[in-house]
Amino acid sequence: MNQSLKNKKIILASKSPRRHALIKKLNVDFDTVEPAFDEKLDSDVYSGEKIQSLSLNKAMSVLNLPDKTLQNSLVVSADTVVVLDNKILGKPKNEAQAIEMLKALSDKKHFVVTALTVADADTKDIYSSVVKTYVTFQKLSDELILDYVKTKKPLDKAGAYGIQEMDEKYIKQVDGDIENVIGLPTNALRNLLIQAGYVF
């Protein structure tokens, strides 16, 4: 039996181009479905359970779609948050808020958490894990912050930054998986898929 016959289809519950690029590193065939779930948080106070719940609800919203193509599938979902002083930093609403977030992150250590969920569409079995990475910013001048914000890149990213597009002028140190900071830790995802019976 060849690999395509014995493996379930992977469905990524995300439209994020960064997650699409990262999951391709696993050399798996996948389709994408946008989760029908409102990710709005009830508060900006961080808890691991809250982020795990968001990831799980994303996966379940896809599983509950009336679509027979989900049979023989594994649904993959992820939720990534940036946390400073136990406060979740979401996507900035405008440039002024992006500047405010980057000033708050300047010269400080914070952490980024991604909750991963793999849900079997047939058995409804759930496999999950949480990955945490610590990021320390350099002391950022107003000029550096403004230069970055002018690119508009921070506006669609949690915490107002994308580590993959920043150099050592901005980032002092990363402790842990940098892919986690980008939005999809592929090593952890690979382990979950193996637990779910996927054969690489």
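Quick notes on this one:
- Among the residues making up segment 4-47, those that are of a type outside the set (Gly, Ala, Ser), farther than 22 Å from ASP156 by Cβ and part of a loop (DSSP other than H, G, I, E, B) are ASN7, LYS8, ASN27, VAL28, ASP29, ASP42.
- Members of segment 103-125 that are of a type outside the set (S, T, N, Q) and under 18 Å from the mean Cα position of the chain (by Cα): HIS110, PHE111, VAL112, VAL113, ALA115, LEU116, VAL118, ALA119
- When segment 1-15 is limited to residues that are surrounded by fewer than 17 Cβ atoms within 10 Å (Cβ to Cβ) and either under 24 Å from VAL81 (Cα atoms) or of a type outside the set (Gly, Ala, Ser) (or both), the one that is modelled with the lowest pLDDT turns out to be MET1.
- Residue match in segment 177-194 (condition: over 19 Å from the mean Cα position of the chain (by Cα), closer than 27 Å to LEU65 by Cβ and either buried (at least 19 other Cβ atoms within 10 Å of the Cβ) or of a type in the set (A, V, I, L, M, F, W, C) (or both)): yes
- Set side by side, the residues GLU39, GLU34, GLU49 differ, and just one is in contact with a Lys or Arg (Cβ under 7 Å, 6 or more places away or on another chain), charged (D, E, K, R) and under 22 Å from PRO185 (Cα atoms), which is GLU34.
- Taken over segment 61-77, the criterion of being farther than 19 Å from GLY197 by Cα and of a type in the set (A, V, I, L, M, F, W, C) is satisfied by VAL62, LEU65.
- Residues of segment 16-40 satisfying the condition of being within 19 Å of ASP177 (Cβ to Cβ), loosely packed, with under 14 Cβ neighbours inside 10 Å and in contact with a strand residue (DSSP E or B) (Cβ under 9 Å, 6 or more places away or on another chain): LYS24
- The residues listed here are SER53, SER43, SER106, SER77; of these, the one that is small (Gly, Ala, Ser) and buried (at least 18 other Cβ atoms within 10 Å of the Cβ) is SER77.
- Failed item, numbered, when GLU143 is tested on (1) closer than 22 Å to LEU54 by Cα; (2) surrounded by fewer than 13 Cβ atoms within 10 Å (Cβ to Cβ): (1)
- Candidates are the residues of segment 152-200 that are assigned to a strand (DSSP E or B) and not β-branched (Val, Ile, Thr); the one that is nearest to LYS25 (Cα to Cα) is ASP175.
- Positions within segment 115-128 being of a type in the set (Gly, Ala, Ser) and within 12 Å of SER77 (Cβ to Cβ), in sequence order: ALA115, ALA119, SER128
The values are calculated or read from the model by the stated rules, or taken from the named source; none is laboratory data. On a predicted model such as this, the values are computed, not experimentally measured, just so you know. FYI the Cβ positions are ideal-geometry reconstructions off the backbone, even for glycines, and counts take in every protein chain you see.
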